[in-house]
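Comments concern the structure below.
No lab work stands behind these numbers, since they all come straight from the coordinates. This one's a predicted model, so the numbers in the text were calculated from it and none came from an experiment. Neighbour counts run over all protein chains shown; Cβ positions are idealised from the backbone, glycine included.
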Amino acid sequence: MSAGFFSHAAALEQDPARVSEIEAQIVQLEREAGELDTTLQQVQSETRSFANEVKGFDTEIKRREVEIKRLTLAIQKAGIEIADRTQGISTLTKKIEKGRHGLAASIVVLSAVEDDNPLTVLLKHRSLSDFFTSLYNLHKVQSDVQEKLAVFKDDRTTYERERDDLLEYQEEQQTLKSLQDVERRFIAQKKLEKDELLRLTRGKEAIFQQLLKSKQRDIATLKSQLFYLEKTGITAEEAVALAEAAAERAGIRTAFLLALLEVETGKQFEDGKISVGTNLGTGNWRRDLYECYQSIGKPKTAEAEKTAFFRITEELGLDPDAMKVSRRPNYGCGGAMGPAQFLPSTWLGFAPRVARLTGHNPPSPWDAGDAFTAAAIFLADAGADAQTVAGETRAAKTYLSGQPNCSKVVCRSYANRIIALARDIDRAF
């Protein structure tokens, strides 16, 4: 991230009025989005006609434009938090370093005094008064060491919390940017579909109704809707077949599962560009998973994920060094496996159920069928088995954040994008 961006974000942080303005604008855009969602629901509940189809396209495009504006503001807010945490960490790091030197100096003094036995200390002093003064000073040094040690521990705890917050905001900002790219591509596709509709029907209702009757499963439309999944080497036809099987096993909607996997795949950007072969990844377990978690001060997580990864590859008879995982991004760590992007420890939690449903024992996170099934089970557990918008929204938020009631803009935008895409996929079936 450029220094220019941080200076801009810091400037915003120094202007509370600007921050309040951003928050007010987000609230206003959320109201507009809600009104457009209501319009879309009304249009889709009515009998399909040429006029309604065009109105649906126009409303959906406007809805996505509102979403992009909202994401832009949310990115600005995340940038402010990143700049604030970065500055706080820098200040705290200097304080910790200064405290460390002070603590070291006090320990040296204390060590030098404590090396002498009581008799030697007594002989060094001309009088008992000097001796007791020395003991008093020793006690003060000991107290000083204890106080500095307590402050040092508190500062380290605060540093770790601030560092974790920084990583969270960086991840949130990157996800928001990726969702923006997904929304832009969606708008472009909607405009193309509208133009194609106008070309084919020439604006006539009768021709539109003939088109509806002639369509069964619109693979051409599905290909456009599953753009990112196809970039991984899974064709639209294969993705639909795998999703249908996985969704049926878990009791969720096929369109919802496909939409989530498409959006999840679309999030996996490197410098704004989708990595071809995302389902296999471009990372390595050692660099992007194990060493990464070690470098950000999470050795227990590093060991747990390494152990889980080695268990998975050993059970599958695979060379761990040859198996690709998601690459470490510019925030947090990588190490997610396969189309469903599960971390090793998470995968192990779902593997027994995947095996029972697919018959693959052990199942593989790099196998599309197993991965789709694992994602479907996760979503069903999170509420998608209710097959309602509310249940699917909670499930999508859980998939992203682990929190079904997450109220952050990134959670709402992620869930809204999936629900909107699932609606489109359903219409193509």
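Here are a few things to note about the model shown:
- Mean Cβ count within 10 Å, highest first, over the residues of peptides 349-356, 67-74, 45-52: 67-74, 349-356, 45-52
- The gain in end-to-end length when the Asn52 to Thr38 segment is fully stretched comes to 3.6 nm, 0.36 nm per residue minus the alpha carbon separation.
- Likely footprinting exposure, Phe208, Phe152, fewest C-beta neighbours within 10 Å first: Phe152, Phe208
- 24 Å Cα-Cα reach of Lys223 towards lysines, excluding residues that sit fewer than 8 places from it in its own chain: Lys55, Lys62, Lys177, Lys190, Lys191, Lys194, Lys213, Lys215, Lys231, Lys267, Lys273
- Region 53-75 versus region 22-36: alpha-carbon centroid distance in Å: 11
- Label positions at Lys213 and Ala390, each projected 7 Å from the Cα along the C-beta direction, are separated by 4.0 nm.
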